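Everything below concerns the one structure shown next.
The values are calculated or read from the model by the stated rules, or taken from the named source; none is laboratory data. Fair warning: this is a prediction, and the values are worked out from it, not measured in the lab. Using ideal geometry, Cβ is built from the backbone for each residue, glycine included, and neighbour counts are taken over all protein chains shown.
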Amino acid sequence: MASQDKSEGQPARRDFLELAGGMFAAVGGAATLWPLIQQMNPDASALALASTEVDIAPIKEGQAITVMWRGKPVFIRNRTKEEIAKAKAVPMDELRDTSARNDALPEKATASDENRTKAGKENWLVLVGICTHLGCIPKGQAVVDSRGDFGGYFCPCHGSHYDTAGRIRKGPAPQNLEVPPYEFVSDTKIKIG
Amino acid sequence: MRIVDATLCGVLARALLAAGIGLAGLSAGHASEDGAEIHRQHWHFSGLFGRFDQAQLQRGYQVYKDVCASCHSMRLLSFRNLAEKGGPAFPEEGVRALAATFQIEDGPNDSGKMFKRAGVPSDRFPSPFANDQQARAANNGALPPDLSLMAKARGVENEAPFYLVPFHWVRDILTSYQEGGPDYIYAVLTGYGEAPKDMKMPDGAPLKMAEGMNFNHAFPGYQIAMPPPLSDKLVKYSDGSPATLKQYAEDVAAFLMWAAEPKLEQRKSMGISVLIYLLVTCVLMFIAKRRIWARVPH
Amino acid sequence: MANHESSFKPTTGFGRWMDQRLPVARLAHDSFVSFPTPRNLGYLWTFGGILTFCLMVQIVTGIVLAMHYVASPTGAFDSVEHIMRDVNYGWLIRYVHAVGGSMFFFAVYVHMFRGLYYGSYKAPREVLWILGVIIFLVMMATAFMGYSLPWGQMSFWAVTVITNFFSALDSIIPGIGTAIMQWLRGGFAVTGVTLNRFFSLHYLLPFVLAGVVGLHVWALHVAGQNNPTGLDIKSDSDSVPMHPYATMKDLFALAVFAVVFAWFVFFAPNFLGDPINYVEANPLQTPPHIVPEWYFLPFYAILRAIPNKLLGVLAMFGSIAILAFLPWLDTSRVRSAKYRPTYRVFFWLFVVACLALGYLGAKPPEGAYVFWARVFTIYYFAFFMLILPLLGILETPKRMPGSITEAVLGKGGAGQIKGAAAASEKR
C-alpha cells in the first residue's frame, strides 16, 4: 500500500510522517509501560524503613542483640577483648574469602578486622545475620548457642563456621557475613542503612 | 464532509451546546445534602491547574494538630508524609523533631510488655484513643471518625429537578468538580449556630434538638454530637494569616483534602501531559484516517 | 472466514514453514487485514475495538493491583489506601482500573444500543448476539465482585443486598433461597470469607470473558459485520479490506475514547463513584442510601419497581435475560432502523426509558419516583414482548437501496469504485 503510493511524488514527506508518528507512538507506549514496571519497585513505606536506629547502650561487653533491618536480621555484638584479639591474629591467607564484604568500603578491601569494624569502635561487630551459603540464620547470638570451631557463628543448616569477625572459615558458605552500611550517630546509638 | 465525520462532529457540537446551556443556566454552585445547605467554595487546588497552597496546608496541619487531634485520629498518615512534595512539605529535620515529640507505643519488649518510645518519621500519626470503645466512652457515646479520608468520604448531593440534573453533571465533569468533600467540611465547621425557631426537617416535620446535640446548618439531620470545635483566635498562625474561624475552617479543609489525596498535584500535572499527548494523537490519527479513506469513494 | 478465499502469501521462509504447521499469521491476516468490511460503517462500529482495549486495560491494571492488594476484611481497605499512597504510581493504576470499569460499561451500552438500532442481532447473527449477552452478564458479575474488594461501606452493603436476593427463592421452595445465599456468602452474613472468594472469582472471570470474546469475534467473522443499511455484502464494491480502512478508523476512535478516559482518571476520578465507599465497611451501620454503581442503576430501578420481593428479583434478571430472545422477538424482515420509521420512535423511547430508569435507580424508592419507575419498567418489557413482535408485522418499512454501494454512492456507485480501483492500480 505504501509502496504503491511512493511514485505519487511525496515519498520523503510520507516517510517523515510515518517515522515521526511511529516515534510519537513509541514515546507514548514507553510512558504507559513505565508505571507498570516501576510499581513493582519498593514503595514509599518500604523505603521509609530503609534506615533503623538502634540504642546500643544496654549491650554490655560479651552481649549481643539481633534487630530487624529491611526485613533481615542484623547481629550487633559487643565483643570481648579475647574475641577481638583472636580476630586480629588471623593471617589473610588462612581466610577463604579475603574481601571485607563491608558495604561502606570498596569491593577490593581485604577482610582484616579493622575493615570489618569502625575505627575507634572495634568492639562493636555489626553483621547481617544471613548465612552466605543458602540463607539460614547462623547460631551464636544467644548465650546457649554453639559458636562453632572458631568462636564466632555456626550455621546448623549445612555446617558453616564463622570466626569472631564473622568471616567464613569452614563449611560450604563462600563469603564472609555481610557488614551492612551503618554509622555511629552517637556513642550509644547506631544508624543502620 | 463525509456522512460519518459529519455525524461525529454533529454529536460533539450538540454536546458542547448542551454544556454551554448547562453552564450558562445555572446559579453559582448551590447544592444540598439531604436538605442541608452546602455552598461551593473557591479552592486553590480545584480545576485542571489547581495545586495545593503549601502555606495553607501547613496552617491546616497546625489546626488539626492543635484542635482536632485530641479526638480525631488520622491513622493512614505517617509523619514522613508531612515532608513529601505536593503536600505541606515541612523540612525533613522539622518532621523528625516533630515525630520525636510524640510517644508511640511499641513492643512487646523482652519482658513481654508494651512500651512507649519517641516517634520517628516512619511512624503513623498516633490515635488519641486506644480503640473505638474508649473513644465513645470519652465522647458521650459518639465516635469521632478518623479524618484520613474525610475529604473524599463526603460529598454534595444534587437535589435539582431531573431535567436540570444532566446539565449539572456536564458542568461538573467539564469543570472537574471534585471538591464536594472540602465544601461539606467547610460548611459543617462554619455551620454552627442557634437553631431557628421554625426549623423544619426535609419531610416537613419540625426539628427537635436532642439532649447534648448541637445545631448545625450543614450536617445531615441538622444535629451533630461534636460541639463547635473552632472559634476566632483559637490558633495562632505564625505567617500572619487571619486568626478567624472561617480561615481555620478553610485551612483545615484544604489540609484534609491533601490528607485524603496526597497525590493530587502529581495526578493533575501528569493529566495535563497525558491530555496533550492524546489530543495530538487524535489529530494525527484523524489525518491518517482521512488520507487513507481519501483513496476510495465512500 | 467461512466464505472467503484466503489471499495470504507468507513472505519469509519461516513464514512458509509456520503456515504449514500452525497458520496463525494466515488467520490474523484473513480476520483482521484482508477481511471484507462494509465501506459504510459509522463510528458506532468502532466500539468493538474500544471494548477489546478496555478489557486489556482492566486485565493489566488488575493484575498489577493484585500484587499489592490484601483480600482480608482487616487488610483490604488499608491495602487499597497503601496502593493509593505508597505504591509507585499506585494511585494511577487504581484510578485507571476504577474509571476503566465505568468506561467499559459505557462502551458496552453504546455497542449494545447500536446492535438494537441496526438489527445486528438478526439472522444469521443470533449466536453472535447471545454470546454478547453472555459477555454482558459476565461483565456485570465481574464488576459487582470487583466493587466489593475495597471493602468500603458501599462494597459491603451492596454485597449484602445483592446476595440477599437469593433468599427470595424461599417463597418457591422453603429454605432453598437461604441455602443458596449462605453457600454464596460462605456464612450467615457477608464476611471475609465472602471477600476472599470474590477476589478469586474477580481474578478468574476476565479470562473467561476473554474466551467468550474470542467466540464472539469468531461468530462475527462468520457472518461478517452488519452495517447502517442492514444489507449484506453482495459484491466487492460493497466492502473495503479491514486494514487499513477500519483499523485506522478504530484507532482514531480509540484515541478520542482515550481522551475521555484520561479526563476522568486525571481530573474527575471520583465523579462516577460514591463517597461513602471511602468509609471502611461497618457491618453494624447501614449507609443512608444504598446505591449501586451507575451502570447497574436501570436494573436496580426495575428491581425496586415491583413490590413483591421474588417478582422484583425475577424481573431484574428477566430484564437482562430477555435480551437473549431478541432475535426471535423482533419479527421484522428489515434489519436496520434506518428504513423502519415507526420502530425508530419506539427505539428512542426505549433509550429514554433506560436513561430514566438509571436516574430513578439512584433515587429513594418513594412517592413519584416509584410511579415513574413502574411506568418505565412496563415500557421496558413491553418494548421487547409487545412492540417488537407486533411492529414487524404491522410496520411498513421505507424503500431500501439495492446494495451498500448504492446506498453510499448512488446508482452509479459501482462504476465510481471500479474507476478508483483502476486508477490506484495504475500507480
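Key figures
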read-out	value
Answer residue from the stretch B:115-147, given it is over 25 Å from the mean Cα position of the chain (by Cα) and among the small types (Gly, Ala, Ser) and is surrounded by the most Cβ atoms within 10 Å (Cβ to Cβ) among those	B:119
Candidate set: the stretch A:25-52, residues that are more than 22 Å from residue C:82 (Cα to Cα) and surrounded by 13 or more Cβ atoms within 10 Å (Cβ to Cβ); chosen: the one nearest to the other protein chains (Cβ to nearest Cβ)	A:28
Condition check for residue C:371: within 30 Å of residue C:274 (Cβ to Cβ), out of contact with any Cys (no Cβ under 8 Å at 6 or more places or on another chain) and within 14 Å of chain B (Cβ to nearest Cβ)	yes
Matching residues in the stretch C:209-260 - criterion: being away from chain B (no Cβ under 14 Å), within 17 Å of residue C:50 (Cβ to Cβ) and among the β-branched types (Val, Ile, Thr)	C:213, C:217
Only listed residue being within 23 Å of residue C:281 (Cβ to Cβ) and part of a loop (DSSP other than H, G, I, E, B), chosen from C:69, C:121	C:69
Matching option when the condition is assigned to a helix (DSSP H, G or I) and more than 14 Å from every other protein chain (Cβ to nearest Cβ), among C:95, C:109	C:109
Answer from C:134, C:83, C:130 - the residue that is among the β-branched types (Val, Ile, Thr) and over 16 Å from the mean Cα position of the chain (by Cα)	C:83
Qualifying residue in the stretch A:62-80 (condition: within 14 Å of another protein chain (Cβ to nearest Cβ), at positive phi, in contact with a strand residue (DSSP E or B) (Cβ under 9 Å, 6 or more places away or on another chain) and not small (Gly, Ala, Ser))	yes
In the stretch C:264-275, residue surrounded by the fewest Cβ atoms within 10 Å (Cβ to Cβ) [restricted to those that are at the interface with chain B (Cβ under 7 Å from one of its Cβ atoms), over 10 Å from residue C:102 (Cβ atoms) and hydrophobic (A, V, I, L, M, F, W, C)]	C:268
Residues located in the stretch C:344-355, provided they are of a type in the set (Gly, Ala, Ser) and in contact (Cβ under 8 Å) with a residue 40 or more places away in the chain	none
Subset of the stretch B:141-177 (residues that are among the small types (Gly, Ala, Ser) and facing another protein chain (nearest Cβ under 8 Å))	B:148, B:153, B:155, B:176
Yes/no for residue C:234 being touching a Ser or Thr at 6+ places or on another chain (Cβ under 7 Å), surrounded by fewer than 21 Cβ atoms within 10 Å (Cβ to Cβ) and among the charged types (D, E, K, R)	yes
Matching option when the condition is part of a loop (DSSP other than H, G, I, E, B), of a type in the set (Gly, Ala, Ser) and crowded, with 19+ Cβ neighbours inside 10 Å, among B:218, B:259	B:218
Top-ranked residue of the stretch C:1-52 - restricted to ones that are in contact with a strand residue (DSSP E or B) (Cβ under 8 Å, 6 or more places away or on another chain) and polar (S, T, N, Q), ranked as surrounded by the fewest Cβ atoms within 10 Å (Cβ to Cβ)	C:34
Residue B:236 within 25 Å of the chain's Cα centre (by Cα), charged (D, E, K, R) and more than 30 Å from residue A:25 (Cβ to Cβ)	yes
Failed item in (1) more than 28 Å from residue B:81 (Cβ to Cβ); (2) among the hydrophobic types (A, V, I, L, M, F, W, C); (3) in contact (Cβ under 8 Å) with a residue 40 or more places away in the chain, with residue B:234 passing the rest	(1)
Qualifying residue in the stretch A:137-152 (condition: among the polar types (S, T, N, Q), touching a strand residue (DSSP E or B) at 6+ places or on another chain (Cβ under 6 Å) and more than 18 Å from residue A:84 (Cβ to Cβ))	yes
Residue tally, condition surrounded by fewer than 19 Cβ atoms within 10 Å (Cβ to Cβ), under 18 Å from residue C:267 (Cα atoms) and facing chain C (nearest Cβ under 8 Å), over the stretch B:273-298	2
Output for the stretch C:357-376, where each listed residue is small (Gly, Ala, Ser), free of Cβ contacts under 8 Å to residues at least 24 places away in the same chain and under 12 Å from residue C:302 (Cα atoms)	none
Qualifying position, being modelled with pLDDT of 95 or more, within 30 Å of residue B:162 (Cα to Cα) and within 14 Å of chain C (Cβ to nearest Cβ), among B:46, B:78, B:73	B:46
Residue in the stretch B:185-204 that is within 13 Å of chain C (Cβ to nearest Cβ), in contact with a helix residue (DSSP H, G or I) (Cβ under 6 Å, 6 or more places away or on another chain), in a helix (DSSP H, G or I) and touching a residue at least 40 places away in the same chain (Cβ under 8 Å) present	yes
Cβ-Cβ under 8 Å pairs, at least 6 apart or on other chains, the stretch B:262-276 side without any contact (Cβ under 8 Å) to a residue 12 or more places away in the chain, far side hydroxyl-bearing (Ser, Thr, Tyr)	B:267/C:95
Checking residue C:328 against (1) away from chain B (no Cβ under 14 Å); (2) more than 28 Å from residue B:181 (Cα to Cα); (3) buried (at least 22 other Cβ atoms within 10 Å of the Cβ), the condition it does not meet	(3)
The stretch A:127-159, residues that are within 20 Å of the chain's Cα centre (by Cα) and of a type in the set (S, T, N, Q)	A:132, A:141
Subset of the stretch C:276-286 (residues that are more than 8 Å from chain B (Cβ to nearest Cβ) and surrounded by fewer than 22 Cβ atoms within 10 Å (Cβ to Cβ))	C:280, C:282, C:283, C:284, C:285, C:286
Filtered residues of the stretch A:151-178 (kept if in a loop (DSSP other than H, G, I, E, B) and either more than 22 Å from residue A:124 (Cβ to Cβ) or among the β-branched types (Val, Ile, Thr) (or both))	A:156, A:157, A:158, A:159, A:164, A:171, A:172, A:173, A:174
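Conditions tested, residue by residue: (1) away from chain B (no Cβ under 14 Å); (2) part of a helix (DSSP H, G or I); (3) hydrophobic (A, V, I, L, M, F, W, C).
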{"position": "C:31", "(1), (2), (3)": "yes, yes, no"}
{"position": "C:34", "(1), (2), (3)": "yes, no, no"}
{"position": "C:54", "(1), (2), (3)": "yes, yes, yes"}
{"position": "C:58", "(1), (2), (3)": "yes, yes, no"}
{"position": "C:61", "(1), (2), (3)": "yes, yes, no"}
